Every structure is written in C-alpha cells, then in structure tokens.
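A quick write-up on the structure given underneath.
Values quoted throughout were computed directly from the atomic coordinates according to the rules given, and no laboratory measurement underlies them. Just so it is clear, the model here is predicted, and its values are computed rather than measured. Every residue, glycine as well, gets a Cβ built from its backbone with ideal geometry; the counts of neighbours run over all protein chains shown.
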Amino acid sequence: MKKIYLLFLLFLSATVSAQNEKLSSASEFIDRSSFIQINLDENESAVFKSGWNETVQFYPAEIIDLKQNTKMYGLNVTAEYLVTQQNADNFRVKEDAWIGIEEIGDMVVWLEEYVIPNLNNTTGKKKTVKYIFNSNELTLKFEIYDNKQVFSVQLNNSMFPDKYFWTEARVKEIPKVLETLRYLLTKA
C-alpha cells in the first residue's frame, strides 16, 4: 500500500510540475525532433562536486535533428544528487536541464559582471549579498554571507523541486563555467 501511495505522489507531482514547466529552446528542439544526436564536449565542461558526493556538470552541446538534418547549440546541465524520503530508502537521481543559446549571453554577463568580481569579497558580520541568475530551466545563485560564499544550482523543472546542488568548497571554480560558455558561443 505504501508503494502505491508513493507512486501516486510521484505521478501527482510530475503532473503538477509538467503543467508549470518552462522549456528552453534547446529542450523544445529536442522534444519536437524524432531522431536526435547530442554531442557533449567533455573537454570543455565545468564539473562541481559537493562533500555529499553530489555533482553538477556544465557541458557545451551540439544537438542534431538527424531526420531534418538541422542542428543547434545549447548548454546541458546535469545534476546528480541523493534524495531522501520519509519511510523510504535513499536513492540517487540524475536530471538534466538545458540552456538555450539565446540565454547564454545573459549568463555570461551575470558571471562576468556580478559573480567573478566578487569571488574574493566578504560582506562583513551579519550581512548577506545574493546574486541570482534565472533562465527557463535553471536558477543559479552566488551568495556571500560573512566570510562564506555558496554557489548553488537548481533545476527548475526537477521532479524533486526541493533538491538542488550547492557548494562552498568549489566556489573558486566558477570561472570554469564562464570558459565553457565562451567556448559554446564560439561554436554557435
């Protein structure tokens, strides 16, 4: 009975989240294509790992509709994290989000003008500064509070909306995301 109830809750949450879903141009391209080839360039990726063995990876991607012989570029963001639920075993989840090429320029500006210049800053006692980037499928946050900095990545269309990736230890690696985005812009 518990399994049926859990399945019902998962179905209900999937139905509700699907109704509120905003898709990037890359996801729309993938959804309307019959045969797809996706080329992820791991040489130009940015990878973050947390102390909980959770990861988020930013991959420049070439997306090809094999039937129509058309292609586009986008950023694939893959997050893998541990999900815990009451009265159930823990399990790992791997989900993807896509950033369309039209959103990449704004993401570059956000990183160049607001995040990277503040990587060495502190706010002072009992003060917090948050820099937030919103796209159709992804929300990025860079927070500075006291002497600490946190970088978090939330997939907006996740089956588990309360789950997101965050790291304090890997904040200094944020410029690698900018390198990945610049590489992608040269390909598009």
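Results, tabulated for the structure shown:
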| read-out | value |
| --- | --- |
| Cα-centre dipole for the stretch 65-175 with unit charges at Cβ (Lys and Arg positive, Asp and Glu negative), debye to 20 | 420 |
| For Ser135, residues with placed amide H under 5 Å, excluding near neighbours | Leu140 |
| Mean residue ellipticity (222 nm) of the chain, computed from DSSP H runs ≥ 4 via -39,500 (n - 2.57), nearest 500 | -8000 deg cm²/dmol |
| Chain lengthening between Asn134 and Leu66 when straightened (0.36 nm per residue, less Cα-Cα) | 21.4 nm |
| Computed label-point distance, nm, for sites Val93 and Tyr183 using a 7 Å Cα→Cβ extension | 2.8 |
| Potential extension, Thr84-Glu42 segment - 0.36 nm per residue separation minus Cα distance | 12.2 nm |
| Least to most buried among Met107, Met72, Met159 (fewest other Cβ within 10 Å first) | Met159, Met72, Met107 |
| Long-range tail of P(r) for the stretch 22-187 (Cα pairs > 23 Å, %) | 41 |
| Phi to ³J(HN,Hα) by Karplus 6.51 cos²θ - 1.76 cosθ + 1.60 over the stretch 54-70, Hz, x for Gly, Pro | 9, 9, 9, 10, 10, 10, x, 9, 9, 10, 10, 7, 5, 6, 8, 6, 10 |
| ³J(HN,Hα), Karplus 6.51/-1.76/1.60, whole Hz, each residue of the stretch 114-119, x for Gly, Pro | 10, 8, 4, x, 9, 5 |
| Phi to ³J(HN,Hα) by Karplus 6.51 cos²θ - 1.76 cosθ + 1.60 over the stretch 161-169, Hz, x for Gly, Pro | x, 8, 9, 7, 8, 8, 8, 9, 5 |
